[in-house]
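So the structure is just underneath, and the comments pick up after that.
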Amino acid sequence: NFALYVDTESQVAKKLLLGAAVRFEDYSDFGNTVTGKLSARYDVSPRFSLRSTVSTGFRAPSVQQEFYSQRSTNLNAAGVLTDTLTARQDSAVARALGVPPLAEETSRNYSLGFVAKPLDVFRVTLDAYQIDIDDRIIFSSNIQPEDAASCGTPFNPARCPIRAILDPLGVGQLLLFTNAIDTRTRGIDLVSVYDWRLSSESLLSFEGAFHQNRTEVLRRKSPSTILPAPVLFDDAQVTLVERGQPRQHYVLSGT
């Protein structure tokens with residue numbers, strides 16, 4: 001992994017601060033990428049400022065996403081115990097299913113907010129943001145073979161290509177990491193801090209934070225002619241991405 005990074009910032013006017021950054025990175029695993037960021041802060045008054053950032057980003061596949069594999073016994077869709085293969089990327093079975101090696105995730109990030117200090121002892125920040133991720137690396141659905149009755153007698157691999165790949169391995173279902181979806185996350189962050197002076201040497205600082213976001217799967221996709229997108233990443237997996245994490249978080253703290 002080799003990277004070059006340049007970051008610059010300038011107070012172009014008394015009330016306006018601008019920043020820009022660019023990064024080139026080369027990975028032996030998947031090639032190179034260029035990302036950048038533009039940011040601005042405008043001081044409306046000594047106690048109120050607006051700020052905004054636009055940036056691009058990427059995330060390389062992690063080691064476990066590239067090389068993890070296991071064979072275990074799990075329940076299939078019919079509730080029957082069956083051998084399940086978690087296949088590593090770029091394995092023979094992944095290639096047979098037409099799933100290519102993992103590529104990096106790419107993102108576009110936008111934020112807009114303000115910083116306010118209405119009192120010397122009280123300050124608050126509010127930021128709204130949007131994060132669009134393309135080619136998100138995610139676990140596939142549990143891919144199961146076609147119904148044996150539909151495969152013909154004698155067995156016709158062309159009619160049941162998934163079964164033709166899984167049966168010789170002795171497994172009843174398979175899953176793997178793949179760049180299966182594009183997602184969009186929108187949210188807000190609100191943070192407020194109140195300082196209570198107890199003595200000349202003691203300060204009690206109260207902090208309240210609220211965070212809310214919503215993630216949406218914009219598109220499901222599959223490079224495989226054997227596995228359509230709704231098979232590679234089914235509705236249950238979409239629900240897991242969109243609703244698997246709490247959408248709201250609250251934090252109250254004192255220091």
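For segment 35-119, what is the accessible area per residue in Å², given a 1.4 Å probe and the full set of protein chains?
Each residue of segment 35-119 exposes 56 Å² on average to a 1.4 Å probe.
Starting from the Cα-Cα distance between residue 214 and residue 114, subtract it from 0.36 nm times their residue separation and give me the gain in nm to one decimal.
33.9 nm
In straight Cα distance, which lysines are under 23 Å from residue 14, not counting same-chain residues fewer than 8 positions off?
37, 117
If I take R0 = 51 Å and measure r between the Cβ atoms of residue 129 and residue 150 in this structure, what FRET efficiency does the formula 1/(1 + (r/R0)^6) give, to the nearest 0.05?
0.60
Could you check what % of the DSSP bridge pairs in the chain are antiparallel, to the nearest 5?
Working: 101 of 105 bridges.
Close to 95 percent.
Can you pull a Stokes-Einstein diffusion coefficient for segment 1-145 at 4 °C (1.567 mPa s), Rh from Kirkwood over Cα pairs, as a whole number of µm²/s?
Using the Kirkwood radius from Cα pairs, D works out to 67 µm²/s.
For segment 184-255, what is the accessible area per residue in Å² when the probe is 1.4 Å?
On the way: 4910 Å² over 72 residues.
Averaged over the residues of segment 184-255, the accessible area is 68 Å².
For segment 1-68, take the alpha-carbon Rg, divide it by the Kirkwood Rh, and send me Rg/Rh. Could you put the intermediate results ahead of the total?
Numbers: Rg = 17.1 Å, Rh = 14.4 Å.
Value, to two decimals: 1.19.
Run the numbers for residue 50 and residue 64: contour at 0.36 nm per residue of separation, minus the present Cα-Cα distance, in nm.
Full-extension gain reported as 1.0 nm.
Of all the accessible heavy-atom surface of the chain, with the other protein chains kept in place and a 1.4 Å probe, what percent is carbon and sulfur?
56 percent
What are the equivalent ellipsoid semi-axes of the chain, built from the alpha-carbon gyration tensor (square roots of five times its eigenvalues), in whole angstrom, biggest first? Walk me through the numbers on the way to the answer.
Values: eigenvalues 476, 102, 47 Å².
Values for the chain, descending: 49, 23, 15 Å.
In the Gaussian network model of the chain, springs joining C-alpha atoms below 10 Å, which of 241, 63, 217 carries the largest mean-square fluctuation?
63
Work out from phi, with θ = phi - 60° and the Karplus expression 6.51 cos²θ - 1.76 cosθ + 1.60, the ³J(HN,Hα) of each residue of segment 59-65, listed in order in whole Hz, and give x for Gly and Pro.
9, 6, x, 7, 4, 5, 5
Report the FRET efficiency, 1/(1 + (r/R0)^6), for residue 252 and residue 158, where r is their Cβ-Cβ distance and R0 is 51 Å, rounded to 0.05.
0.25
The values are calculated or read from the model by the stated rules, or taken from the named source; none is laboratory data. All values reported here derive from a predicted model rather than from experimental measurement. Here Cβ is always computed from backbone atoms with ideal geometry, including for glycine, and neighbour counts include all displayed protein chains. Accessible surface areas use protein heavy atoms only, side chains included; no ligands, DNA or RNA. Shrake-Rupley method; radii C 1.70, N 1.55, O 1.52, S 1.80 Å.
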